[in-house]
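Visitor: Structure provided below as structure tokens; questions to follow.
The values are calculated or read from the model by the stated rules, or taken from the named source; none is laboratory data. This structure is a prediction, so every number in the text was calculated from the model and none was measured. Here Cβ is always computed from backbone atoms with ideal geometry, including for glycine, and neighbour counts include all displayed protein chains.
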Amino acid sequence: MRPSREHPDTAAAQWAASGALWLTGDPAGKPDHSRAAIVSRARLVADSFTAATGVPIDVGIELAGRAAQLGLSRRGRISAGGATRLLEASDGWCALTLARAGDWAAVPALVATADYGTAPGPDIRASSTADSVVADAWKAITRWSAQRPATDVVARARLLGLPAAVLGEQAPARPIVRRIGPAGAARTPAGCLVVDLSSMWAGPLCGRLLRQAGATVIKVESPSRPDGTRAGAPAFFDWMNAGKLCYATDFDDARLLRELLLRADVVLESSRPAALTRRGLGPELPARPGRVWARITAHGTGHGAHWTGFGDDAAVAGGLVAVGAGGPYFCADAVADPLTGLKAARAVVESLARGGGELIELSLSAVAAEYAALPIVPATPGLLAARPTAPTVTAHASRLGGDNAAVHLLADSLSRSDHTGPVDAHGTLCHSPLKRSIFFNDTN
């Protein structure tokens, strides 16, 4: 990411060079600079991670790399990815995401009509007929939402399990960190065993960065509910997950998974807070000294614990939208996801350096709200919006469950070693070709 020669140090120049400006604003007008401070703040987070691990991070690619892979551009009040829309209610703005087949099936109940029959799912939206049904559904939702307060629109959507948010409803909040176990020796991610229960973008990004910092990452998924991004663009899934061990297991009969959680150095998860706890797989499990448990949610573990959310609608909840002329417009591409993934990676590294033994809770909407509180940047004449740059991906991620045998060997090694503390440079595990990072899939 290179700022322009004319404005090398300005936030607007960094925003333009990152590719995020290309993705933000009215598609029929000029791109929007108002949230340009995002890039400089995200660079501070990335630089902190780099200083601790030696892993360089290109913030522009993290923010806009997916858009480059998919050929996305700015669409105003439609998200770059197309699944989320900003809706004008009678008293303000809100956002609604229809990304899953079940979301579309709930549209008639949302607007209290059965006119749409079978709702379109992602697998049939390519046809002209499906396009017409989608357009009609959004028209009905737009008319319906315009007649009621934003809080009522979102409350009804959430009652149906739909990802929705009132613009700016979430206040800025720093990650919540609390002690849940004994501390261990201060360390870096190198050689750590990380258990990841996350899926989609923010959690897998955190896991990817920890893997690059020397951790072994095992991505754990349910065979019946694998990471949803497996069904999307292979290039994005590979970017997030190449180099991780992919392990598939039934979360309702997960004895091996429980064993790995007991012995992990780091656990990442992005499920609803109760989803793992009711299976006996939550942070209440006994821990080896220094274990760090990072929990990423859409809306926190308080009153929003059961609300679903994705990067674009969570950003709206935090107020992170473009507010230049004609706004609000969506900001970049699902911006709450990469911003939260970066912040989670830094938080894990900081906790490890303190000796761990902590639970770290971050929410997409709260992270977005922190960035939304940054100063608004005015438009800077003469800046051209650079097209997003795609990441360099040189390997493919393993197939679902493709590394089960390797993970079984690792679990057996852990069990036989009775591993309860940090392994030094001469330890058996350190000589293993399998390092020690494991990540688990979303169990929402």
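Visitor: Right, ALA397: closer than 19 Å to VAL267 by Cβ, assigned by TED's automatic domain parsing to the domain that holds ALA315 and either modelled with pLDDT of 95 or more or assigned to a helix (DSSP H, G or I) (or both) or not?
Guide: no
Visitor: Could you please let me know if LEU44 is surrounded by fewer than 20 Cβ atoms within 10 Å (Cβ to Cβ), within 23 Å of the chain's Cα centre (by Cα) and in a helix (DSSP H, G or I)?
Guide: Taking the combined requirement at face value, the residue satisfies it.
Visitor: Now a separate question. Please give the number of the condition ASP91 fails out of (1) in contact (Cβ under 8 Å) with a residue 12 or more places away in the chain; (2) under 23 Å from ALA16 (Cα atoms); (3) among the acidic types (Asp, Glu).
Guide: For ASP91, the exception is condition (2).
Matching residues to (1) modelled with pLDDT under 95; (2) within 17 Å of the chain's Cα centre (by Cα); (3) of a type outside the set (Gly, Ala, Ser):
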| position | (1), (2), (3) |
| --- | --- |
| VAL153 | no, no, yes |
| ALA164 | no, yes, no |
| MET200 | no, yes, yes |
| ARG208 | no, yes, yes |
| GLY214 | no, no, no |
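Visitor: Still on this structure, I have one more. Looking only at residues in region 356-399 that are closer than 29 Å to ALA322 by Cβ and among the charged types (D, E, K, R), which one is surrounded by the most Cβ atoms within 10 Å (Cβ to Cβ)?
Guide: Filtering first and then ranking leaves GLU361.
Visitor: Of all residues in region 137-163, which are among the charged types (D, E, K, R) and in contact with a Lys or Arg (Cβ under 9 Å, 6 or more places away or on another chain)?
Guide: Listed by number, the residues that qualify are ARG148, ARG156.
Visitor: A further question follows. Given the residues ASP313, ASP265, ASP333, ASP337, which is the only one that is farther than 19 Å from LEU63 by Cβ and either small (Gly, Ala, Ser) or at pLDDT 90 or above (or both)?
Guide: ASP265
Visitor: Go through (1) in a loop (DSSP other than H, G, I, E, B); (2) surrounded by fewer than 18 Cβ atoms within 10 Å (Cβ to Cβ); (3) under 20 Å from the mean Cα position of the chain (by Cα) one by one and return the number of the condition GLU284 breaks.
Guide: Failing condition for GLU284: (3).
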